[in-house]
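Note sheet for the following structure.
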Amino acid sequence: MTKRLILVLGGARSGKSTLAEELATRLGGRVLYVATAEARDGEMASRIAHHQSRRPEGWRTLEAPREVGRALAAGAADADVVLLDCLTLLLSNLMLDLGDDPDEEVAAGRLDSEIDSLLAAYERGRWSLIVVSNEVGWGLVPPYPLGRVYRDVLGRAHQRLAARADHVYLVIAGIPLDLKRLGGLFDGPRGETSSSSTHSC
């Protein structure tokens, strides 16, 4: 089986995790579920329990709230598919000790290091990788510095992973859109596709 990297994006309760789990099942073989969530309160503990109850019995779970790449290097040798859910919580964990007015370069550097390590583990491994993350950039501009830094750092990380991924899905109301397939539909002047244009967003 040819391994592949798949990015699954969506808003809260969009169905992105359900799609990612379906993709992992379709890819077949031994699935390693990488959980980045930490049960810091009762609500999060309840969400974790809900996700755990949906996983097939044969799936193995690896708790990795930080240093995901290192955890995979040590624990994914026998996996055929790795499902990381989710990048959003990983960034939250990394930013916890940055305070209410974090330095954007520091936050971005921490997440970039995590992604470097994750992609390096993927390149060395035999397994396909599915990464789930929340699309948080479509709402109102957050009124506080922490929220704005979080939104911007995560958005750039999505662009980086999407550029590397073989498939990128955006899930809306439970319906997945294949963004890489849609991205080449519209031609600009002289036959240039919209993906080749530059912008500041």
*Keeping the other protein chains in place, figure out the carbon and sulfur percent of the accessible area of region 69-128, with a 1.4 Å probe.*
48 percent
*Inverse mean reciprocal Cα-Cα distance (Kirkwood Rh) of region 1-151, Å*: 16.1 Å
_Using protein chains only and a probe of 1.4 angstrom, how many square angstrom of ILE175 are accessible, to the nearest 10?_
100 Å²
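Could you give me D for region 95-172, from Stokes-Einstein at 25 °C and 0.890 mPa s, where the hydrodynamic radius is the Kirkwood radius over C-alpha pairs? Units µm² s⁻¹, please.
D = 176 µm²/s.
The values are calculated or read from the model by the stated rules, or taken from the named source; none is laboratory data. The shown structure was predicted, so the numbers you read here are calculated from the model rather than taken from an experiment. Areas reflect the complete protein model, heavy atoms only, side chains present, ligands, DNA and RNA absent. Shrake-Rupley method; radii C 1.70, N 1.55, O 1.52, S 1.80 Å.
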